[in-house]
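The values are calculated or read from the model by the stated rules, or taken from the named source; none is laboratory data. Computed from a prediction, not measured in an experiment: that's the story for all the values here. In this analysis, Cβ positions are derived from the backbone assuming ideal geometry, glycine residues included, and neighbour counts consider all displayed protein chains.
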Amino acid sequence: MRILVVLAHPERKSLNAALSQVILDELHVQGHEVRISDLYAMGWKAQIDRDDFPELPDDQPLRIPSASRDAYHTASLTDDVASEQEKLLWADTVIIQFPLWWFTMPAILKGWVDRVFSCGFAYGVGEHNDKHWGDRYGEGVFAGKRAMLVVTTGGWEQHYSARGINGPMEDLLFPINHGILFYAGFEVLPPFVAYRADNLDKAGFQTAADNLRERVRSLALTDPIPYRYQNRGDYEIPTMVLRQDIECEGREGFRIHQASSLQQSS
Ligand code: FAD
């Protein structure tokens with residue numbers, strides 16, 4: 001397989017860097033082709049702004065969706081963005097790794113998404129009619145590719161359980177897994193989460209590393225989260241409301257967007 005690893009951590013001697021090395025070593029042992037985007041090491045520019053669109057005339061207001069679409073179609077996106085898009089097109093599997101910061105991804109990684117998942121590439125694509133509302137939620141540029149999050153947290157696993165005060169991890173990661181990755185077409189694998197990472201001792205690290213190696217070994221075999229496809233009849237178009245006659249088996253909230261329940265693994 002061709003695998004892209006995207007890492008968002010500022011410290012080379014961090015736990016995240018060590019776990020990232022575990023991933024890379026295991027991928028090499030398995031004989032995969034691997035590329036890495038180590039965002040801090042690359043000095044990745046996090047914010048999307050006017051500098052992203054060098055061809056935009058000075059007197060034209062910056063409207064990011066249209067500027068982004070024009071730049072994509074005229075191949076005038078900046079080299080750093082174009083290079084990340086090329087890596088994503090090259091890969092058949094993408095692993096995105098980060099420490100949970102304020103219940104989501106670090107800003108540098110959000111900025112990578114904002115800039116690289118440009119209009120005309122990852123969103124704003126496909127025909128809109130009464131049966132098909134754009135290529136999104138299971139369709140789009142990344143259809144047929146797989147993605148998996150690898151996340152570390154300070155909080156305990158129980159803090160992120162169904163009744164835990166932080167809210168379920170599945171819900172916290174829904175905007176990334178469903179709203180970004182599945183939206184742009186990826187099949188999304190259940191995340192790997194290393195909880196209570198700030199106090200990890202040597203034995204805890206070994207356990208996390210062993211579990212992570214196992215997840216890496218089974219990348220091609222793991223069932224994706226069974227999110228519902230937008231254009232296969234489950235949703236009313238154009239309101240995008242899940243049809244009233246669809247049975248959700250007692251599920252509520254974000255879980256209604258899964259065709260059946262699937263255990264999240266850690
Ligand atoms: P590090 O600090 O690098 O290491 C953590 C531990 O692992 C240390 O004890 C270290 O000794 C050990 N370790 C490191 N490398 C190795 C190795 N090679 N072998 C063995 N042991 C090793 N947590 C939440 O749960 N929810 C939040 O919303 C949240 N928000 C945050 C916001 C910010 C701005 C910050 C800074 C932290 C936040 N945290 C939160 C905590 C954060 O998720 C953890 O600090 C992070 O996941 C730990 O990962 P790290 O790579 O930074 O760990």
From (1) over 29 Å from ARG115 (Cα atoms); (2) hydroxyl-bearing (Ser, Thr, Tyr); (3) within 13 Å of the ligand (Cβ to nearest atom), pick out the condition that doesn't hold for SER260. (3)
Please go through the range 196-241 and give me each residue that is without any contact (Cβ under 8 Å) to a residue 60 or more places away in the chain, among the aliphatic types (A, V, I, L, M) and within 16 Å of the ligand (Cβ to nearest atom), ordered by number. ALA203
Count, please, the residues in the range 34-60 that happen to be surrounded by 13 or more Cβ atoms within 10 Å (Cβ to Cβ), away from the ligand (no atom under 16 Å from the Cβ) and in contact (Cβ under 8 Å) with a residue 60 or more places away in the chain. 5
Go through the residues of the range 122-133 one by one and say whether even a single one is within 16 Å of the ligand (Cβ to nearest atom), outside any strand (DSSP E or B) and in contact with a helix residue (DSSP H, G or I) (Cβ under 8 Å, 6 or more places away or on another chain). no
Which ranges mark the helices (runs of 4 or more DSSP H) fully within the range 1-103 that have 2 or more residues being touching a Gly at 6+ places or on another chain (Cβ under 9 Å), over 29 Å from GLU170 (Cβ atoms) and not hydroxyl-bearing (Ser, Thr, Tyr)? 64-73
Failed condition for GLU157, given (1) out of contact with any helix residue (DSSP H, G or I) (no Cβ under 7 Å at 6 or more places or on another chain); (2) within 12 Å of the ligand (Cβ to nearest atom); (3) without any contact (Cβ under 8 Å) to a residue 24 or more places away in the chain: (3)
Of the conditions (1) without any contact (Cβ under 8 Å) to a residue 40 or more places away in the chain; (2) surrounded by fewer than 21 Cβ atoms within 10 Å (Cβ to Cβ), VAL81 fails just one. Which one is it? (2)
Failed item, numbered, when ARG251 is tested on (1) surrounded by 15 or more Cβ atoms within 10 Å (Cβ to Cβ); (2) of a type in the set (Lys, Arg); (3) not in a helix (DSSP H, G or I): (1)
Members of the range 1-33 that are hydrophobic (A, V, I, L, M, F, W, C), closer than 19 Å to LEU109 by Cβ and either near the ligand (Cβ under 10 Å from one of its atoms) or crowded, with 19+ Cβ neighbours inside 10 Å (or both): ILE3, LEU4, VAL5, VAL6, LEU7, ALA8, LEU15, ALA17, ALA18, LEU19, ILE23
Out of the residues in the range 102-114 meeting the condition of being crowded, with 16+ Cβ neighbours inside 10 Å and not acidic (Asp, Glu), tell me which one is nearest to the ligand (Cβ to nearest atom). PRO106
Just name the residue that is farthest from PRO106 (Cα to Cα) out of those in the range 164-195 that are within 9 Å of the ligand (Cβ to nearest atom) and out of contact with any Gly (no Cβ under 7 Å at 6 or more places or on another chain). ALA194
Quick check: anything in the range 150-165 farther than 18 Å from HIS178 by Cβ, under 18 Å from the mean Cα position of the chain (by Cα) and either surrounded by fewer than 17 Cβ atoms within 10 Å (Cβ to Cβ) or at pLDDT below 95 (or both)? no
